[in-house]
Structures are given as C-alpha cells and as structure tokens.
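Below: one structure, written as structure tokens.
The values are calculated or read from the model by the stated rules, or taken from the named source; none is laboratory data. Everything numeric here is computed off the predicted structure, so don't read it as measured data. Accessible surface is based on the protein model in full, side chains and every heavy atom, while ligands, DNA and RNA are left aside. Shrake-Rupley method; radii C 1.70, N 1.55, O 1.52, S 1.80 Å.
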Amino acid sequence: MTDTTTADLDVRLEKHRIELTGYCYRMLGSSFEAEDAVQDTMVRAWRSYEKFEGRSSLRSWLYRIATNVCLDMLSAGNKRARPMDLSEPTPLAQAALSPRPDHTWLEPMPDARILPTVEDPAEAAVAKESVRLAFMAALQQLPPKQRAVLILREVLAWKASEVAELLGTSVASVNSALQRARATLAERDGQHGAEATVSDPLDDEQQKLLDRYVAAFEGYDMTALTALLHEDAIMTMPPFDLWLTGHDDITGFMTTLGSACEGSRLMPVQVNGLPGFAQYKPDPEEGGWTPWAVQVLEISDGRLTGFHFFLDTQRWFPLFGLPLHLDALEAESDQVEKGV
C-alpha cells in the first residue's frame, strides 16, 4: 500500500474503534482485554486489507475479525462476575476483605470509550442498557457464541442472515442460539436486586437523588445516606469478594471497616451507562486526597439499589482520565462546579 492509502485506511479503521470496543467489552467483560482485542483486530485488518475483497462492508469485516479475536480469548472459559454472582452476602459481623485475582471480576468502563455518538435516542438507550453491570454480568453466563449472537442481534440489530454469514453458520443455528440465550437471560432476570432504571439524560428527581447522595457521602452522614438506600440495596468492592445488602449493614460497614472514607470527595464520571463518581479519600501523608474507588450507582424507583466500588485505582483512574492526586484547590474547584 502507498503512504496515502495507508493513512486513509488508518482513518477508516479508527472510525470504528469505539463501537468495536463496546462490542469486545460486552463479549469479554474486561476493559483492558476489550481494548487489547480491538487493537489486535486493527492490526489484523491492516495486515490483511489487501486480501479484503469488499464482498461485505468494512464494518462487517471488522466485526468478523473482532468476533474471532474474542472467541479465541474466551476459549479458556473464564467468566467474569460480580461478587454477588459468586457467593452469598456477608453479614456485617463476619465482614472480611479477601481479594480475588483481577481476572475474576467484571470491570467498569467509561461510556466515552464504548458508546459511539448516535442521533436516535432509542438506539442510544439500548446501547447504554447493554453495558450496565447487571446485563453485562448476565452476558458472561452465556457460552461465547451465544453471547456473540445475542449482542449482534439484539444490541446491534444485525439481521439473522448477517450474523450467520459472520459466524459461518446457518440462519436456523443463529435463531436457535438467540432463543437459548434469551431463555438464560430470562432465568436471571431480577436476581440480586432491581434492574437499574436511569433516564438519559437524568431526570430532575434522579439528579436530585445524586446531589443528595454526594452531600450524604461527602458529609459521611449515615442517616441521610440510609434515607437514599433501598432496603435491599447492594454494596460491592472488587477485588474483594465481600458484598453487603441492606442499609444497616452497608452504613455499619462504612463507619467501621470503611471509616477511612470519611472526608472523601466525589467527582462525577459516566460509567457503564450509569451515573458514577471517582472517590478520593483524605491523604494523611501528602495532604489533599488520594484515589480510592470508581463508584458505579444503580437507581430504581427513586432509591439507590446498588453501589459498586472498584478499588484498583492505579488501573481505573488513568482509564477514566482522572488525576492520581487531588489537592485542596482542585477539590474546591470541583465543589464550585457542583454548585455546593
């Protein structure tokens, strides 16, 4: 290829990066593995472009490559999960922080890396719903090819014939896989709390709920926080396998094992199609605040039904483009932006 052709191809490939990352993320459940898979896809496409005969669109061809990359990566059979997919809740009196390896966990992902801009509000809503933690966890329970079929058919709205061509199988086989995948998801529906129901953009009541949450958390006001939590709310903290349910155990944990979070500052982030916050806790050594967690919040019926703290800040904060230290001036500026 000439230099001009190479530059043109690079531009054409890059146009598909965000949507491909979203697809690979849904397939793999891992932020970093998804980005690795897309990079592998781009390299393979670049190297074999001269063999691309144009019998399908460039987009379809890239999805075929990405699917094969993901299926290869999933051949080891690892299923990423949330803490409540692996064990029963722990009573506060028995709470202990026991980590599991990184590859155990479903990982968070910034919206901007996986949700391309679309003009159709209904399409945008489906895309956001399909990366929410509960749906992502359900996807991980499907065999890899069923997972691919469900994502391509129901999230990306491909025709059965297009999916059959991509997977090298029959339309009947695709329809059968889709039916089995739907049945598996239906069996899981409603497990571990209510499904998040978040407007896009947030409606006034949801925004007020988040504002009250920030005030309660930053003020470490457990009475105010309890008023915002659903009675069956869930709290998780990967990489620890501990998870708690019910406002008494959650607030009890926050005032005992989690008491170092008092005095934290929260910065809003868009994560997994849901509202979230980067949490910085006080830094007693250097002053200011140090990264502690990316929080992902689930809302249903005017209450918080789940809040999930992803604690591996050395990985997550750079992924979200967040600073690794917050000084007093930055925190004050953030408070002004929030209108506090």
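How big is the Cα convex hull of the chain in projection, averaged over all directions, in nm²?
Projected over every direction and averaged, the Cα hull of the chain covers 19.2 nm².
Phi angles of region 292-306 translate, via the Karplus equation with coefficients 6.51, -1.76, 1.60 and θ = phi - 60°, into HN-Hα couplings of 10, 6, 9, 9, 10, 10, 10, 10, 8, 6, x, 9, 7, 9, x Hz per residue; Gly and Pro are given as x.
Assuming a ≥ b ≥ c are the square roots of the Cα gyration tensor eigenvalues, decide whether region 252-297 counts as rounded (a/c under 1.5), prolate (otherwise, with a/b larger than b/c) or oblate. Cα axes put region 252-297 in the oblate bin. To put it simply, the accessible area of region 181-312 at a 1.4 Å probe is 48 percent carbon and sulfur.
Computed on the Cα atoms alone, the convex hull of region 8-67 gives a volume of 69 cubic angstrom per residue. Close amide H partners of TRP105, meaning residues 5 or more places away or on another chain with modelled amide H under 5 Å apart, are ALA81.
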